[in-house]
Amino acid sequence: MIVDRQGRRFRNLRISLTAACNYACTYCVPDGKRLVAAQDELSAEAMVRSVAYLIEAAGIERLRITGGEPLVSPKLEHFLRETSQLGLQDISLTTNGQLLARKLPLLLECGLKRINVSLDTLDPEDFKRIARGGDLATVLQGLEEARAAGLKIKVNMVPLRGQNHEQVLPMLDYCLERGFELRFIELMRMGHLAREGASFQQQFYSMPELLAAVAEHYEFAQAPAPLDATALRYEIPGHGFFGVIANESVPFCRTCSRLRLSSTGWLHGCLSSSNRHYVGDLLDKPRHQALPALQRLLVRALADKQDVAFAGGATVMKIIGG
Ligand code: SAM
């Protein structure tokens, strides 16, 4: 097992199945161009092998499938069917929900128990302006069908000052009424936002502001969460839970256990570092050669983690999936 001086190790793997996405969210894709799959993306088979090797080499226990948008990828079915046989403790998926209703039977068949759906607003016009793709009604329909099918659902919302921050309470009410756990994600200085400090500051809506807005309507108290959780969790007695991923206000680097693999085969040990380590060429090697080489890369990837706080980075979410 590879462990660093702070006792951190890789436990959670997030795989970006594809860079392609059917949205072009303003905070993720600055030029608004629809993202397409990279030409050199790993095949579904190579991705499955990467998960199997990483389980052995790093001790990965939990897998999250992300993107781009994972539900647009033709690799989804093979990848899900195969990785669900690898003995992981948990497999989950982060999606914008646009294709959720259509892909739901496959997700259920492969044994998925929970998903995260990104949704920044319940206002159809704001939705179009922020997501620049898809439509709100289709996402809401997908959410209803997933709920009816018994999936555990978290909803991810990035509150942006002046764009959707007034949706904080409507979104919370919507989620509490349906038993979804809302996760507010503080805007992160990624990609163009790391370069354009003024744009970041203008849009950034902080956890203290957010909690103050919630406190005007609800009483809440902090709830327990796993040690390596990225979200602070709160309970609103009698109503349910919500969380805040406050990478700026309350950094979680000290306990981070995440490892990320891009759709083109690059390992990222830290969202805040632009270092990356290529594993694509290892995946064709036999296990006895691949594992030692992979372990050497994992030592370097673990050393990329920040000691204390997220500092932002040139790496873009659309490549490594958040
Ligand atoms: N397409 C999928 C989705 O929409 O959930 C998966 C990929 S998306 C990059 C994963 C998450 O990252 C989304 O919840 C999105 O809102 C979030 N995200 C993207 N850029 C971000 C940023 N700069 N700060 C905070 N969250 C961001």
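Below are the figures for this structure:
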| quantity | calculated |
| --- | --- |
| The range 268-294-the range 178-217 distance, computed between alpha-carbon centres (Å) | 33 Å |
| For the range 25-173: relative contact order, % (alpha-carbon pairs under 8 angstrom, 6 or more apart) | 22 percent |
| Those Cys residues of the chain for which no other cysteine Cβ falls under 4.7 Å | 21, 110, 175, 253, 256, 270 |
| Global form of the range 150-189, assessed from the alpha-carbon gyration tensor, a/c cut-off 1.5 | oblate |
| Relative contact order, percent, the chain [alpha-carbon distance under 8 Å, six or more residues apart] | 22 percent |
| In nm, spacing of pseudo-spin labels at residue 31 and residue 169 (7 Å Cα→C-beta vector) | 4.1 nm |
| Dimensions in Å of the chain - Rg and Dmax from alpha carbons | 18.8, 59 |
| Sulfur and carbon atoms: percent of accessible area, the chain [1.4 Å] | 51 percent |
| For the chain: accessible area per residue (Å², 1.4 Å) | 43 Å² |
| Stretch gain in nm, segment residue 300-residue 56, where the contour uses 0.36 nm per residue and the Cα spacing is subtracted | 86.1 nm |
| Of 240, 97, 67, the one that fluctuates the most in a GNM where the chain has Cα springs shorter than 10 Å | 240 |
| Antiparallel bridges, percent of DSSP beta bridges restricted to the chain (to nearest 5) | 30 percent |
| Placed amide H near residue 240: partners under 5 Å, 5+ positions off or other chain | none |
| Exposure rank, largest accessible area first [288, 78, 239; 1.4 Å] | 288, 239, 78 |
| Heavy-atom accessible area ranking, 1.4 Å probe, most first, across 278, 234 | 278, 234 |
| Residues residue 199 and residue 84, FRET efficiency given R0 of 35 Å [Cβ-Cβ distance, rounded to 0.05] | 0.30 |
| Pairwise label distance in nanometres, residue 113 with residue 221, each label 7 Å out on the Cα-Cβ vector | 2.7 nm |
| Ranking by accessible area, most exposed first, for 23, 218 with a 1.4 Å probe | 218, 23 |
| Helix-only mean residue ellipticity at 222 nm for the chain, each DSSP H run of n ≥ 4 adding -39500 (n - 2.57), per residue, nearest 500 | -9500 deg cm²/dmol |
| Spin-label pair residue 278/residue 144, simplified geometry with 7 Å Cα→Cβ offset, distance in nm | 4.9 nm |
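The values are calculated or read from the model by the stated rules, or taken from the named source; none is laboratory data. All values derive from a computational prediction rather than experimental measurement. All Cβ positions, even for glycine, are placed from backbone atoms using ideal geometry, and neighbour counts span all protein chains on display. Protein only, heavy atoms only, side chains kept; ligands, DNA and RNA dropped before computing areas. Shrake-Rupley method; radii C 1.70, N 1.55, O 1.52, S 1.80 Å.
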